Structure formats: structure tokens, C-alpha cells
Amino acid sequence: MKKIAILGLTGSIGLSTIEVVRQHQDKFKIVLASAHNNYKKLCSLADEFNIPQIVITDKKLKNKITDFPKNTSIFFSEDKLQELLENSDYDIALNAISGSSGLQSSMTIISHGVDLALANKESLVMAGHLIKSELQRSNSRLIPVDSEHSAILQAISATSMDQVRSIILTASGGPFRELPLSEFNKITKAQTLKHPTWEMGAKITIDSATMMNKGLEVIEAHWLFKKDFKDIKTVIHPQSIIHSLVEFVDGSIIAQMGFPTMKLPILFALSYPEHIQSSVAKTDIYKIPDLSFSEVEKDRFPLFYLACEIGRKGGILPTVLNAANEAAIDLFLNDKIGFIQIFKIINYIVNREKNIQFPDLETIVETNNVIYQKVKKDYRNILKRI
Ligand SMILES: NC(=O)c1ccc[n+]([C@@H]2O[C@H](COP(=O)([O-])OP(=O)(O)OC[C@H]3O[C@@H](n4cnc5c(N)ncnc54)[C@H](OP(=O)(O)O)[C@@H]3O)[C@@H](O)[C@H]2O)c1
């Protein structure tokens, strides 16, 4: 029985993980779980799955909760989560916190020496160099949960990276893949939150519409698979059936495929390196639609190209990019800016920040907070200057 910790249990990935665990209760036991403020959902899952310890990271909720689960110890604050990650007994932790708030937990899990199943790609975007060096000191293995990176891991399982010529990430192209560019200034929040093939949390759904998500995944792939940016390609594949491809040095290509569900990459991350008997997902090969592939258009998806360029520059700039993106998404979700202004604001910010190579964790966390606040406070002035 594998003891697992799940961070961000109440989100889209967390709840898909619950479905995987529900079907494999003989294999996985949740021993620690967290949410930020959805305590009702977290408490009800703690009751259902007999989770011994749960953490609500928003400490403001401490005095508001009166209805506690029966057999569960409940804790509050981000610091308490880090303390429990350092001191509890678990075999693998799945980090499904959204955004930059997931970074500290990734670092703590690796330094604790247990396996990290990583959905929180922002950890690698902000601190790939620190995570890689911490992994060398620890017994921890880093296993991707993102379907694209899980696909690559599965495709390269029988070979070494020096036999891989390139990694090819697939992207659905999101809801605006075919929208005339002249209509981009009329895009609404509701249209943006409606992804054609995946059901996900709000932040990643917007990142998919701008294709910032794919840019973040290119950076994630660079750190996970030690490939140069020039050897990581992206193709638009609207059907989301092929989750990614690996091209080998002899020219052969292996693609990993299946109907889109996060349950499969989650199950593979939890059972890695084995594929275990399961019915969490089945692909009927006769129902697969025609598959198509095309290039990522520069005019349509400028944030994708900006993210790749910033990933190549490295240092503190990916943190600046990520923080500006999180703030711009927050502004968009609160109807303060329009869809096309997301790119304009991020582009303005990243082009004005000085790079620092090999930043330490403190610098990364501080820069993240400073840039986030700056965008939230100054966005009107920034937009006037563009
Ligand atoms: N959804 C997908 O299909 C998918 C696929 C691949 C990768 N990912 C990655 O997985 C991560 C999670 O995505 P998601 O779609 O599951 O997000 P989501 O639905 O928004 O869920 C986020 C989870 O993180 C918690 N959380 C939010 N803010 C937090 C904070 N400041 N501190 C600690 N916990 C916090 C939330 O708690 P509350 O519910 O209490 O707010 C929730 O449990 C992201 O990094 C995303 O890029 C997602």
C-alpha cells in the first residue's frame, strides 16, 4: 500500500486523483491532504477516505470553521503544511496546487526524500535549477503529471536521452484556434473559460487559451528531460488524442495516445514505473477522430513565443513571466482587463526586468511577490504606456 500526500485535493487534478484512488483503494492510502480555502470539500473527502491529517493553507479560516471531520486532525497555514511535509510518513506526494504557491511544497517534498508527482509546472518554471540540484542530493524521483510530459516519459522509457533527437509537445490550440484575429478584442471571460477538450481549473484554462500553458510546458520539458529549447517542438493537435511524441536519432517517432483524461497520467505517476491493471480510462480505437497537426501561429499565440524566449534566457525571468501572468489572469478574471491585454501587460513587464542568473529560493519568492503586486497595482498605468 502506497501512502500518498495530495496537495490541492479540492482542485481539478486533486479531484481526478480522488477518482483514481477510489478505484484503487487496495493500492493507495491518502495520509495527508491540503486545500487553500474550500474546507467543506476537504473535510468531506477527509471523512470519506479517512485521511488522518489535512491542512487548510489560508490561515484566516482558522476561527471560522466549527464543523470538523471526526477522525482527522486539521491544521491551518502554509507553514504548517511545510512542517507536516517535512515530518510525516508518506511514500509519494502529488503536488496539484495551482500557480506559484506550489513551489515551496515541491522543494520541501524533494528535500524530505520522497517521490514528487508534479502537476504544479510553475515549480519547474520558476526554480528548475534549484529543483534539479536538490534532486541530486535526495532519494526523491520527479514524476510528471502533465499529460504531455507523462507521454514523453512513457515514450522514452526504454531508451536514454542521448538517443532522443527531439521532443514534440502537442497542444489543442484552445478555444480561439480558429477565431478570426479581428475578433480577439471582443473575446469574453465565458468564452475563454470554455476549453474544447479538457476540463481544468480556471488559471490553466486561461493559460490554454493564450497558449502560455504550452510555453510553461516547454520550460517544464527542458528541466524534466534535459533537452535544449531548440530540440523541444510544439504542434497544434486539436483532437488531444496524441499527448506528445518523441523523435529518436534514427528518425523513428513514438507517440503516446488515448482519449483525453487526466486520470491516466495521474495513475501512471502514482504507480510509476509500472503500468498497473486499471479501468480508470479506456480508448475505443474505432472512435478516434481523424488526427491533424499544424504549426503554432505567431500572431494568434504571441504569449507562447514569449514564454519560450524567456525560458531560453532562464535565470529570474521565467519567475517574472509567471508572476506577471498570474496577476494578469487575476485581473482578467475580475473583469479589469480584456483578453488581448494579458499579453501586452506581460510583454511590457518581462522586457523591463533585469535578468539574474541562478537566483536562490528567497530571490525567486520575493521577485514573484514584487512582480505580482506591481502588475495588480500599476496595470492601468502600464496599459496607458503601451
Ligand atoms: N487541471 C488539469 O487538467 C491540469 C493538467 C495538467 C497540469 N495541471 C496543473 O496542476 C496544477 C493544478 O491545476 P488545477 O487545474 O487542478 O487547479 P485548480 O482546479 O484551480 O485547483 C487548485 C488547487 O490548489 C489549491 N490552492 C489554490 N491556491 C492555493 C494557495 N495559495 N496555496 C495552497 N493551495 C492553493 C486549491 O484549493 P481551494 O480549492 O481550497 O481553493 C485547489 O485545491 C496547476 O499547476 C496546473 O497547471 C492541471
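Can you list the chymotrypsin sites (Phe, Trp or Tyr not before Pro) in the stretch 228-313 that are in a DSSP coil and have 10 or fewer other beta carbons within 10 angstrom?
Sparse-neighbourhood loop chymotrypsin sites (Phe, Trp or Tyr not before Pro): none present.
Using a Cα-Cα cut-off of under 16 Å, which lysines could be cross-linked to LYS282, ignoring same-chain neighbours fewer than 8 residues away?
LYS282 reaches LYS263.
Once you've got the GNM for the chain with C-alpha springs shorter than 10 Å, pick whichever of PHE184, PHE343, PHE225 has the biggest mean-square fluctuation.
In the Gaussian network model the winner is PHE184.
Relative to the Cα centre, what is the charge dipole magnitude of the stretch 183-231, using +1 at the beta carbon of each Lys and Arg, -1 at the beta carbon of each Asp and Glu, and rounding to the nearest 20 debye?
120
Hey, rough spin-label estimate for ILE253 and PHE184, points 7 angstrom out along Cα→Cβ, what's it come to in nanometres?
Taking the two extended label points, one gets 2.7 nm.
Principal axis extents for the chain, Cα atoms only, whole Å, descending order, please.
So the three principal-axis extents are 56, 51, 40 Å.
For the stretch 2-144, how big is the tail of P(r) above 19 Å, as a whole percent of Cα pairs?
Looking at the stretch 2-144, the distances longer than 19 Å represent 47 percent of pairs.
Restricted to Cα positions, what overall size does the stretch 82-203 have along the principal axes? Three whole-Å values, descending.
Over the stretch 82-203, Cα extents along the principal axes are 52, 40, 22 Å.
Would you mind checking the pairs LYS2/LYS287; LYS194/LYS227; LYS189/LYS377; LYS203/LYS230; LYS121/LYS230; LYS214/LYS313 and listing those with alpha carbons more than 25 angstrom apart?
As for pairs spanning more than 25 Å Cα to Cα, those are LYS2/LYS287; LYS194/LYS227; LYS203/LYS230.
Using r as the Cβ-Cβ distance of THR197 and SER157, and R0 as 25 Å, what FRET efficiency do you calculate, to the nearest 0.05?
About 0.50, to the nearest 0.05.
Considering only DSSP beta bridges where both residues belong to the chain, give the percentage that are antiparallel (nearest 5).
Approximately 25 percent, going by the DSSP bridge assignments.
Mind putting a number on the dipole of the stretch 247-340 about its Cα centre? Charges go on the C-beta only, +1 for Lys and Arg and -1 for Asp and Glu, and I need it in Debye to the nearest 20.
180
Can you give the charge dipole size of the chain about its Cα centre, rounded to the nearest 20 debye, using +1 on the beta carbon of Lys and Arg and -1 on the beta carbon of Asp and Glu?
1000
So, in nm, how far is label LYS230 from label SER166 when the simple model puts each one 7 Å beyond its Cα toward the Cβ?
1.2
Kindly provide the helix-only [θ] at 222 nm of the chain, computed as the sum of -39,500 (n - 2.57) over DSSP H runs of four or more divided by all residues, to the nearest 500 deg cm²/dmol?
Helix-only estimate at 222 nm: -14000 deg cm²/dmol.
How much length is gained on full extension from ASN351 to SER294, taking 0.36 nm per residue of separation minus their Cα-Cα distance?
17.6 nm
Within 10 Å of each candidate Cβ there may be at most 15 other Cβ atoms; applying that plus a DSSP loop requirement, which trypsin sites (Lys or Arg not before Pro) in the stretch 121-206 survive?
Here the sparse-neighbourhood loop sites are ARG141, LYS194.
For the stretch 247-301, run through the GluC sites (Glu not before Pro) and keep only the ones in DSSP coil with at most 10 other Cβ atoms within 10 Å of their Cβ.
Passing sites in the stretch 247-301 are GLU274, GLU295.
Modelled label-to-label distance, ASN37 and ASN381, 7 Å Cα→beta-carbon offset: nm?
Here the modelled spin labels are 2.8 nm apart.
Bear in mind that the values in this text are calculations on the coordinates, not laboratory data. Remember, predicted model here, so these are calculated numbers, not experimental data. Cβ sites come from the backbone with ideal geometry, for glycine too, and all protein chains shown count toward neighbours.
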